[in-house]
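Enquirer: So that we are looking at the same thing, I have put the structure below in structure tokens.
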Amino acid sequence: MGFPPPLTEKRNTVFYFNPFIQRRMRLLFVYIGCASAFHDCVQPKSAWRAPASFRGVALPEEGTCSGGLCLGMHGGPHEGGPASYEVGNATIGFTNLYSEMTVPGLPQLLDGICYYIWTDIYFGDMSQGRMNQFVPQLILGDALDGSSGPPHYNPHYGHHSTWSFAAHYFFEIFDVPSNSTIAKAAYGDLFPAHQGETLFTNFSATPTEDGSPIWTLTMGVLGDSSRVSVLRVDKPYMGLGELWDVPSKSWGELNFTNFCTNACWVSPLL
């Protein structure tokens, strides 16, 4: 498939990212734009995605059940390359991303599992930020499932014996006094999901008065308006960066002008 030339007129670009997670995954891009510059959106692996009781657990022995799968961009960070997509601006329009997934059946055994299935977009970092991931997700087992909300945005972990999903922003910050990296989370409402349902994920940017974007993360059941989780992210790091020695206040800052994307099924133990 040939790629169209970069658009110079006002546009609202949408990527259709379609993972079917039942022993197969399919990726469909309706439009792929050309990024004029690369900003580091390499996403480090984070142990904080697992509940505290899972961190530091040894990897499963050979022959035991394990798994994980990610679809990323050709030439992107997972291949060691510079590929990324322009966020856009108020003049030419913003790049939005939409995906759908089919909810798989439950595993036969649920003991000690921690599953996340998602489509994400992620950015580079500014100042004390260390991870910057919009990741609405389908979860199962002992998983990150909520947030304390403002002002601290501490992550919450819970046990789920059936599928659940929500819009989610996961980020980490470097805490200078403790010389450590601290996980943070913001969450929309959590809803149940059932085998065979189609879930959609949407990332949309809209301009503020000064032209910089704000982001809205949406995840829901296709055809059921009663199960739609929405999270609005007005500022990077949910505004916590405003108080840093080198503040980070706006999604219009340099390292937020491009994003990368993946679709993944992951257990953070792997």
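The values are calculated or read from the model by the stated rules, or taken from the named source; none is laboratory data. Model, not experiment: these values are computed from the prediction. Cβ atoms come from the backbone with ideal geometry, glycine included; neighbour counts cover every protein chain shown.
Enquirer: Could you check Asp120 against (1) acidic (Asp, Glu); (2) within 30 Å of Glu209 (Cα to Cα); (3) surrounded by fewer than 20 Cβ atoms within 10 Å (Cβ to Cβ) and say which number it fails?
Expert: The number of the failed condition is (3).
Yes/no matrix, rows are residues, columns are (1) in contact with a Phe, Trp or Tyr (Cβ under 6 Å, 6 or more places away or on another chain); (2) farther than 20 Å from Asp120 by Cα; (3) surrounded by fewer than 22 Cβ atoms within 10 Å (Cβ to Cβ):
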position	(1), (2), (3)
His159	no, yes, yes
Thr162	no, yes, yes
His168	yes, no, no
Phe171	yes, no, no
Ala185	yes, no, no
Asp189	no, no, yes
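Enquirer: Yes or no: Ser204 of a type in the set (Ser, Thr, Tyr) and touching a helix residue (DSSP H, G or I) at 6+ places or on another chain (Cβ under 7 Å)?
Expert: no
Enquirer: Please verify whether Ser204 is surrounded by 14 or more Cβ atoms within 10 Å (Cβ to Cβ) and small (Gly, Ala, Ser), treating the condition exactly as stated.
Expert: It is true that Ser204 is surrounded by 14 or more Cβ atoms within 10 Å (Cβ to Cβ) and small (Gly, Ala, Ser).
Enquirer: Being closer than 13 Å to Ala167 by Cβ and of a type in the set (D, E, K, R) is the filter here, so list the residues in the range 219-233 that pass it.
Expert: Arg227, Arg232
Enquirer: Further question: For the range 77-115, give me the residue count where each residue is within 29 Å of Thr208 (Cα to Cα) and either surrounded by 15 or more Cβ atoms within 10 Å (Cβ to Cβ) or modelled with pLDDT of 95 or more (or both).
Expert: Matching residues across the range 77-115 total 18.
Enquirer: Among the residues of the range 190-199, how many are in a strand (DSSP E or B) and within 30 Å of Ile173 (Cβ to Cβ)?
Expert: Qualifying residue count for the region: 2.
Enquirer: Here's another thing I want to ask about it. If a residue has to be in contact with a strand residue (DSSP E or B) (Cβ under 6 Å, 6 or more places away or on another chain) and either on the phi > 0 side of the Ramachandran plot or in a loop (DSSP other than H, G, I, E, B) (or both) to count, how many in the range 90-102 make the cut?
Expert: Qualifying residue count, the range 90-102: 2.
Enquirer: Does any residue in the range 182-197 that is over 20 Å from Thr216 (Cβ atoms) come within less than 6 Å, Cβ to Cβ, of a residue that is of a type in the set (Phe, Trp, Tyr) and surrounded by fewer than 18 Cβ atoms within 10 Å (Cβ to Cβ) six or more places away or on a different chain, and which pairs are these?
Expert: none
Enquirer: Which residues, counting only those in the range 169-189, are over 13 Å from Asn132 (Cβ atoms) and either modelled with pLDDT of 95 or more or part of a strand (DSSP E or B) (or both)?
Expert: Listed by number, the residues that qualify are Asp175, Ser180, Ile182, Tyr187, Gly188, Asp189.
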